[in-house]
Amino acid sequence: MKLRRTLLGLVAAAAALGSFATAATAQAAYKAEYRMSLVLGPGTPWGNGGKIWADLVKERTQGRINIKLYPGVSLIQGDQTREFSALRQGVIDMAVGSTINWSPQVKQLNLFSLPFLMPDYAAIDALTQGDVGKKIFQTLDKSGVVPLAWGENGYREVTNSKRPIKSPADLKGMKIRVVGSPIFSDMFSALGANPTQMSWADAQPALSSGAVDGQENPLFLFTVLKMHTVGQKFVTTWGYVADPLIFVVNKDIWNSWTPADQAIVRQAAVDAGQQELAQARKGLVEADKPVLKTIADMGVTVTSLSAAERDAFVKATRPVYDKWKVTVGADLVAAAERAVAARKK
Ligand code: X2X
């Protein structure tokens, strides 16, 4: 009898513990703070976009969802090509990330890095806002994150400390910092340069010390960081690649939110993405491209290519395009080429 009573007591205690645990989980379902990863922080369109997203979510959820920004991919010690894995594993709760940094894990994202696929902003929009964008979102969803909205880092223009770049021959032997995504090494090798893969965290001291001659990034970064002060005296606007940004949330975090809060976070991402994109294009979409004048006023030689000059770069990188088309998926690339050809200019 005594044993039976003890057993019953244990069962009751376990049941009580169980319901306590359930209540605790329900309460703990929302974290006090969510961690948003970014490479570039506020002060750049990318970082501002993350802040706008976080602020809108806080306001619209009356503080139920609080987001802290971690620029410089600091949750993963600056190692930006590990960001996607960290998101999937829950080391990062949410992110505004570049397609380039996630492409080592999601090979379809290399689409946007195919050289000269997107000749203008209308071409980028035709991809991100059309069926190709939907397919990419489906792929991301299957890869374990919830994609919500598009933004933009921007057209990546090449800068250096040596000479104006007008033809692939001008790049010969030049030491260029490239992101840690292999297609970039392939492109710069095809152009005769000497590419060195490094994270953005390592790129800045490498530029300052002259360990590398040049780099490629959107032009707002040139002005924000005053790259002319670290010897970057030559800029060529070749528009070879542009990297979109994608606003995403880790799946478990997403599933822990009520449908109403999910809708708020999604809409806030769309709104923030639109504002971010406008910031990223500001000064570059106007006919006189004021950003170029700002950079020239810094004492920098800005080289714009004629159609024929640009074509030499297209030709030199074509084997890389063809090689990577297979990795991205021939069907996806064909769909993208059709969307670009059919775009409204
Ligand atoms: O590392 C870069 O060049 C940057 C900041 O543009 C990206 O994160 C892709």
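The values are calculated or read from the model by the stated rules, or taken from the named source; none is laboratory data. It should be emphasised that the depicted structure is a prediction, and the values quoted were computed from it without experimental measurement. We place every Cβ from the backbone using ideal geometry, glycine too, and count neighbours over all the protein chains shown.
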Quick one: would you say Ile246 is within 15 Å of the ligand (Cβ to nearest atom) and of a type in the set (Val, Ile, Thr)? yes
Requiring at least 3 residues that are among the small types (Gly, Ala, Ser) and within 16 Å of the ligand (Cβ to nearest atom), the helices (runs of 4 or more DSSP H) wholly within segment 33-117 are 45-60
message = Yes or no: segment 304-323 includes at least one residue that is at pLDDT 95 or above, within 28 Å of Ala169 (Cα to Cα), touching a His at 6+ places or on another chain (Cβ under 8 Å) and not in a helix (DSSP H, G or I).
response = no
Exercise. Modelled with pLDDT of 95 or more and touching a Lys or Arg at 6+ places or on another chain (Cβ under 7 Å), is that true of Val300?
Worked result: yes
Selection over segment 25-57 where residues are among the charged types (D, E, K, R) and over 27 Å from Gly154 (Cβ atoms) yields a count of 2
Condition check for Lys134: under 24 Å from Gln274 (Cβ atoms), surrounded by fewer than 21 Cβ atoms within 10 Å (Cβ to Cβ) and more than 16 Å from the ligand (Cβ to nearest atom): yes
Over segment 249-279, the set of residues outside any helix (DSSP H, G or I) and not hydrophobic (A, V, I, L, M, F, W, C) is Asn250, Ser256, Thr258
Counting only residues in segment 199-226 that are of a type in the set (S, T, N, Q), within 16 Å of the ligand (Cβ to nearest atom) and free of Cβ contacts under 8 Å to residues at least 40 places away in the same chain, the one surrounded by the fewest Cβ atoms within 10 Å (Cβ to Cβ) is identified as Ser208
Would it be correct to say that Thr196 is away from the ligand (no atom under 12 Å from the Cβ), among the β-branched types (Val, Ile, Thr) and under 26 Å from Lys325 (Cα atoms)? yes
